[in-house]
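Everything on this sheet refers to the single structure shown next.
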Amino acid sequence: MRLLSRHILRTFVAPFLWGLLALTGLLLLNNLATLIDRFGGRGLGMEIMVEAIILALPALLTLTLPMAVLVGTLYAYTNLAADLELMAMYANGVSVWRMVQPTLWAAALIVIINFLVFDQLVPISNTRLRTLAADVARLQPTLSFRAQEMNRLFPTPYVLRADDFSAEGGRMRAVTIWDLGGYNGRRMIVADSGRMAASENGLDLLLTLWHGETIDISLVEANKVERTAFVRNRILIRDVANQLERREGQVERGDREQSGCQLLDGISDAEWSRRDVARQQEALTRRDLRHLAGLPALRPAAIPARPERLPHCGSYRQLQRTLERLLLPGRLEAQEPRKPQEPQQPRKQVVTKRIPGLDSLRGAKTFAPEPPRQAPAPDSDILEPRGTVDQQFLVDPVPVAPPPRPDGVLSSIIEVNGMRAQMRDARNLTWRYGVEYHKKFALPLASFCFVLLGVSLALKYPRSGIGLVIGGSLVVFLVFYVLLIGGENLADKGKVPPVVAMYAPVLLFTLAGLVGVVFANREIGTGRSASIFEAITDLFRRRGGGSS
């Protein structure tokens, strides 16, 4: 038996690995256009594109591993059946269920690997990919200037305009430069001509201007305008070249950038917030009903504090922390301590003088002092604001009771709609996190049902060859993936429970595979097996004969 198991596994491993490489390559080629659009064409080195491709691979492997199991099973058992090896095993008393066991054990190992990749590597790689994409998005392409247009010199606050640019020597004619970065004022530089050149470090832009003037407009002193004429003026604009700056922090992590343990934490927080919003809705309702009934208002009840929640998964979470320390950058808030903010003095009102032709250089023209904030009354019915759930929504406090409207109701439609929106956001977050959590188990478990389907198809149509391997794999996985995505969309909208949406395709295909193996076990020695193409041809021939 061990010899037969090793022989079946050797026949399965090679097509599985080839299928994994081929399918991963096809999906990568499909996503390559998106990666090139996001990370290419910005003058970056090849290492950035290679890093983006490597970071995109774990998410693709979660799909291609079950697909490769189906491809390897179909190829291995089709060849074994075509060479009559399965028939010889059956004649020596080896049942079909015994023939399937080696592949099922291999599928169990693949399920564990797939789950670890999906639960641990995919959130980390997606986080790093989003961080890299955000860094590249902040990077501007190589400088390009257009005549008679406003050319922004990113990331500096300078804007340059010229009537004509010469490619030879960087000559410019009729130059105007706006400096919009000054806090206390704006500056405009006008010159008859100029020349631009790169500095020695290759990162800065050196501008040489001739015969012009500099106009400084103060936003603090309204009547102050300074004009300085020059014959030759040199300006150094720093950091305008194409250079990628990698941040040390992470972007905000969504549901697909979190592991199963973090998703469980988010579900618990969302459920607590739903109960908290429901409590506040009940408080509003009781307040309105007592007011309508002419009863005295109740004293505000004690606000329940958010309970201390222990992280889920226990010791398993240590693996996640270890991988995050190794593969993820540190968090932004941990880099340097926050400096205490100094109290800001209210700004005085400034009346500015209108200068014709220079209005575009002005920012905010007036600053009014802020009115002092009034403290709430000590008897007011105020509930403290609650915390956030994954930084996605905030449960607002119950506001102070406003004056009653003509109909006698205290609560306004804005308060009611706000509570409904908060409840809807918490409910949607619970559904979305539940879908992502159960998907981490459903997609790896598909390997088992694909083994059963592959064995039943291979034993039913042993002479189909490579056509069944390619066509059957694509059709089976396409139907499975459509059912999975359709269930995910329904579960995100709350029409189907996440558990049903994610595990229904797995159960359906598993039942189909079990039924197929049962029939294959009965027909393996009857000689009724044929090619799938012959079966389809016979089916159409019988239907055509019956209709005639």
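The values are calculated or read from the model by the stated rules, or taken from the named source; none is laboratory data. Remember, predicted model here, so these are calculated numbers, not experimental data. Cβ atoms come from the backbone with ideal geometry, glycine included; neighbour counts cover every protein chain shown. These accessible areas exclude ligands, DNA and RNA; they are computed on the full protein's heavy atoms, side chains included. Shrake-Rupley method; radii C 1.70, N 1.55, O 1.52, S 1.80 Å.
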Area projected by the alpha carbon convex hull of segment 1-145, averaged over all directions, nm²: 10.5
With the Cα gyration tensor of segment 168-231 giving a ≥ b ≥ c as the square roots of its eigenvalues, does the rule (a/c under 1.5 for rounded; else a/b larger than b/c for prolate; else oblate) give rounded, prolate or oblate? oblate
For ARG317, solvent-accessible area (1.4 Å; no DNA, RNA or ligand), Å²: 30
Once Lys and Arg get +1 and Asp and Glu get -1 on their Cβ, which of ILE54, ALA14, ALA133 lies farthest toward the positive end of the dipole of segment 12-146? ALA133
Roughly how much of VAL416 is accessible, in Å² to the nearest 10, using a 1.4 Å probe? 50
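Do any GluC sites (Glu not before Pro) in segment 1-103 lie in a DSSP loop with no more than 14 other beta carbon atoms within 10 Å, and if so, which? Could the numbers behind the result be given before it?
On the way: sites: GLU47, GLU51, GLU85; in loops: none.
Here no GluC sites (Glu not before Pro) fit, given the DSSP loop and packing criteria.
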